[in-house]
Amino acid sequence: EKSAYAILRSLAMWVSKMARPMYFGVLVLLVLLRLADAQENFCTREYLSHFEGFPMRLDSTVYWFGPNDQSEKATGSASRFYDPNKPTMLYFHGWTGQGNGWTSKCKRVTTRCHADVCPDGGQQLLVNDWLDEGWNVGFFYWDQFADEECARDAEQKLWFDRGGDGLAWKSYNPATGQTQFNSYAKSDEMTVSEICVNQVKRAMGSYKGSQVRFVGHSLGAQLAVRCASLLHVEDHPAAPSRLALLEPYFSKHSHMFFGCHGGVTTDEGMGDFAARLTVQLVEHLWSSKNVVTETYKSSLLTEKSAEESPYSELKSLVENGVGGVEKTLVGTLASGMKAEDLERAS
């Protein structure tokens, strides 16, 4: 298996340099990730001791992180890893339904990089610079909601309850190996974004620090934007002054619906709703609250075409500002691609 992993990794690196065989490269990458994932075991007593109830019970909340990937569940009070007087960064992860889903592997995103993302078996610590600079670092977990076979189904939960009968979330019993979907239904929390707002308010109700930043990856970019917007409606002290959107994903504009099978078309499900509203919220946050947005794009994988890309609109906003007058900030990570190719993608 180790030999196969090494071969596939080399093959994926070669394919990534080619412009045409994109889908072949994606296939190789998915196989590579599955092999790397199989090498890590998360359902251990030591690993699960870091989280309260996960994965048997719903654990969608904020956790604070400290040195060496130590963590604690947010309580709203000052603690080992949370000082309400310090600047704060909150991270929002993306879809977790890859393979058979992360819940049944007891897997969570933490400040220690996984082997399926980082080289040399992973284990690199990712937020030391933030901690060294005196920041609080928190993660909002919605992974049990995001653990859907089809990424579009996870995306819908950020904006509405499609069936009107509660939000589906996944649980897993490591002792029996049983996985099941459960329903979460509360009148004041009908979307994951509303859960996010309440959990951030619970975690940071007494916040007095100088600034808050939200960082969202993939589907988590949409969540970061909407959660920020709802917090600003209330003028909450935890409402962020800056957003960083890392590889923002919209199912309407992806080359593929990750995990979706059957007769799926871009006319079903979300359509353009999520993309259009995200762009509108980013624009409104800048014009009404002076919230700066950064966008980082490194792949063609989340694009359907340059002409229809919501990223094009986001980039226009962050480059030129609302009305094309103000100059704000845009970031690009080429990830080995030529600059002109990145510009074409965006």
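The values are calculated or read from the model by the stated rules, or taken from the named source; none is laboratory data. Computed from a predicted structure; not experimentally measured. Note that we place each Cβ from the backbone using ideal geometry, even for glycine, and neighbour counts take in every protein chain shown. Just the protein is used for accessible areas: all its heavy atoms, side chains included, with ligands, DNA and RNA removed. Shrake-Rupley method; radii C 1.70, N 1.55, O 1.52, S 1.80 Å.
Values computed for the structure shown
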quantity	calculated
Protection proxy ranking, peptides 223-233, 171-181, average beta carbon neighbours within 10 Å, highest first	223-233, 171-181
Subset of 86/186; 73/297; 170/201; 86/107 violating a 27 Å alpha-carbon distance limit	86/186; 73/297; 86/107
Segment 138-206, accessible area per residue, ligands and nucleic acids excluded (1.4 Å, Å²)	39
Separation of the residue 75 and residue 52 label points, Cα + 7 Å toward Cβ, nm	0.9
Cβ crowding within 10 Å averaged over residues, with 112-121, 212-221 ranked highest first	212-221, 112-121
